[in-house]
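Worksheet for the structure shown next.
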Amino acid sequence: MKEEGDKSESVYASCPGFGRFCMRQSSMEHTNRISPSKEVSSDRNNIDAEHIISKIRRKATSKLLEHIKQIVLQNPIECLPLFKVELEKLIAAFTEYGIDPSPLKVKVDKLMMDIANYNSMQSACSGKIAPEVQHQRLADNKSRLDRAFNLQTAEKCHYESLLDFLASSENRREKLKREQERLEERMDKLRVSISGSELKIAEHKNAVDRLLKQKVEISNTPVLTSKDAKTLKNLKDSLEGQCKGFKDFTLR
């Protein structure tokens, strides 16, 4: 009798809407002890009530599981941790219907852990570049750097030749007083050319410095290894497989 009383209390707690109904059934059982002729009808009513309550439980747990499946299957993998608290509440709700949600909780916990590992791996790889990209960038930088060095060298030679010619002209001025005016005009032109050459040298130097800095940055950029790329792909494939596994998952 104690076992039957505990069962009734459990039914009331799980389905309060049927509390008064079940109490009436209990009262009928008491009456049936006095009137044995109504015992069959009372048993049938009890069976019907338990069937209705069981049906309501199955429907409620089915709705809970369907909602969990929708969260997992209809949201991007990276966003699923945002639903962690909601999923935990939905899983905990199964216990109110007398169902052990441990298999579902283990499955969801593993999914969340794997997503965290995937997001961590993806974050670690976001600052890396593929080896072929780094190789191409270094090749492009080398081509531009070689050209800048050549232009700088050529301009330095031109600059030195201008300086030599200026020095020669200044020596000749002392010896050729009569050509002083002509030489001074020539010297002014040479100074203008030298000034322009200095500006060009400064420009080329800035270009060389910038490219050298860029070369160091490119060389120091972490390289995404084939192992990293393969691991990242395997993790994503595994997560997608786990999410698809929720489609046909059921609790028994």
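Among residues of region 175-228 being touching a helix residue (DSSP H, G or I) at 6+ places or on another chain (Cβ under 6 Å) and closer than 14 Å to Gln152 by Cα, the one that is most open to solvent (accessible area, probe 1.4 Å) is Lys200.
Just to be sure, is Leu111 without any contact (Cβ under 8 Å) to a residue 60 or more places away in the chain and among the aliphatic types (A, V, I, L, M)? So Leu111 fails the test. The set of residues in region 60-99 being open to solvent by 70 Å² or more (accessible area, probe 1.4 Å) and in contact with a Pro (Cβ under 7 Å, 6 or more places away or on another chain) consists of Thr95 alone.
Does Thr231 satisfy the criteria of being assigned to a helix (DSSP H, G or I), in contact (Cβ under 8 Å) with a residue 24 or more places away in the chain and open to solvent by less than 100 Å² (accessible area, probe 1.4 Å)? The answer is yes for Thr231.
Taking every residue in region 148-174 that is within 17 Å of Leu190 (Cα to Cα) and pairing it with any residue that is surrounded by 12 or more Cβ atoms within 10 Å (Cβ to Cβ) and polar (S, T, N, Q), at least 6 positions away or on another chain, the pairs with Cβ-Cβ distances below 7 Å are Glu155/Ser197; His158/Ser197; Tyr159/Ser197; Leu162/Ser193; Leu162/Ser197; Arg173/Gln180. Only residues that are more than 24 Å from Thr225 (Cβ to Cβ) and surrounded by 15 or more Cβ atoms within 10 Å (Cβ to Cβ) were counted in region 113-154, giving 5.
The values are calculated or read from the model by the stated rules, or taken from the named source; none is laboratory data. Model, not experiment: these values are computed from the prediction. Quick reminder, even Gly has a Cβ in these numbers, built from the backbone with ideal geometry, and neighbours come from all protein chains shown. Accessible surface is based on the protein model in full, side chains and every heavy atom, while ligands, DNA and RNA are left aside. Shrake-Rupley method; radii C 1.70, N 1.55, O 1.52, S 1.80 Å.
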